[in-house]
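In what follows, a structure is listed as structure tokens, so that the remarks can point back to it.
The values are calculated or read from the model by the stated rules, or taken from the named source; none is laboratory data. This structure is a prediction, so every number in the text was calculated from the model and none was measured. Positions of Cβ are backbone-derived with ideal geometry, glycine not excepted, and every protein chain shown enters the neighbour counts.
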């Protein structure tokens, strides 16, 4: 099985998107310089985190450019309390897309838009048996 090991999100404003994900999910960011395309390295979990992070991934943000095709994000963020996280999304300037839906044997899921218009999702996993 090939695991997911990284994600990338396009943005127009790297400071704004970094602030959004830091406020909502507590992620940390490292702003790289022009020699690295102003890329932002994102850390989403540390080994000793409270939610057991086996298979957790980190990623990055890249600035959108007119000459780059298919600049799409693709992530799902695990949260402890989906309702609290939905409020944080709204408070940080994002938009929740609808109400959580229950995915049998998985948990509660809802999509949202961040401050850059990227569509991402949150998942509150069901407790382990």
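Numbers below:
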read-out: Search result, residues across the stretch 33-59 that are over 19 Å from residue 113 (Cβ atoms) and modelled with pLDDT under 75; value: 46, 47, 48, 49, 50, 51, 52, 53, 54, 55, 56, 58
read-out: Of residues in the stretch 19-32 being over 21 Å from residue 94 (Cα atoms) and either at pLDDT 90 or above or within 18 Å of the chain's Cα centre (by Cα) (or both), the one surrounded by the most Cβ atoms within 10 Å (Cβ to Cβ); value: 31
